[in-house]
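Working notes for the structure below.
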Amino acid sequence: MSISATIAPHLPYLRRFARVLTGSQTAGDNYASAALEAILEDPGSVTDSLDARVSLYRVFLKIWAGVVAQQERDEALADLSDAAHAADRNLEAITPLPRAAFLLHSVEGFTIERIAETLETSVAEVQQLIDRAGREIAVQISTDVLIIEDEPIIAMDLEALVGELGHRVTHISRTHSEAVAAVAEHRPGLVLADIHLADGSSGLDAVNEILGSSEVPVVFITAYPERLLTGRRPEPTFLITKPFRTETVQAIISQALFFDRKAKRRSSAMSA
């Protein structure tokens, strides 16, 4: 089997991971493309001794860490003395490796052993990285959440998970029109949106309309993530796959809020 055929089934999930890790569809897809190009230039980087997905993610993470590590260390040293940014200081302090390990486990479902292979480190070190990232990501400023979901049980599960993370659910909408009306009544700090809604309307369309009048981080929920991860058109940055795990919801919500606050700080600094 060719290298392309070997890694092709894993590319949609690499894009998902890359987008969550970088907080950007564009940046995530660029890193994923760079990893693919590196493998095609050096087929030996995908070895028979490793699982194909492990090899793919290993190449990707080497490229990402090499570009991002110094940048994130510089940002972590920036003066964030405002008490309102206490939670953000903790998030900024998470170096690339712990955050990558945490997301490999909570979003991609890698075992500790597979993460150790991917990061080329020990099982004990991986556990320490995950524990560290989990503690620091858990320290967040709470926000108001709009849930757009037409299945009552899933909506209740999400509401409970969001509450456990310290956030407040202000409204649960079942349709496009309900979601738009809910935002007009109370602007949320985060939106969790299903793709297919009760009246046949689209969660994607609802979110696009919401984003036309306000900036808010969005996490999409779908049973078919591969349909939204083709790399051929504008697509969601943050995805939760049904059925979802508590760890995945926690990780993706934390990343979405992290990058939203990071972008707002940069915008404030530039306008100051």
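Readers should treat all values here as calculations from the given coordinates under stated rules, not as data from a laboratory. Given the structure is predicted, the values throughout are model-derived calculations rather than measurements. Here Cβ is always computed from backbone atoms with ideal geometry, including for glycine, and neighbour counts include all displayed protein chains.
Quick notes on this one:
- Estimated dipole of segment 144-271 in Debye, rounded to 20 [Cβ of Lys and Arg +1, of Asp and Glu -1, Cα centre]: 720
- Cα gyration tensor shape of segment 144-271, rounded if a/c is under 1.5, else prolate or oblate by comparing a/b with b/c: rounded
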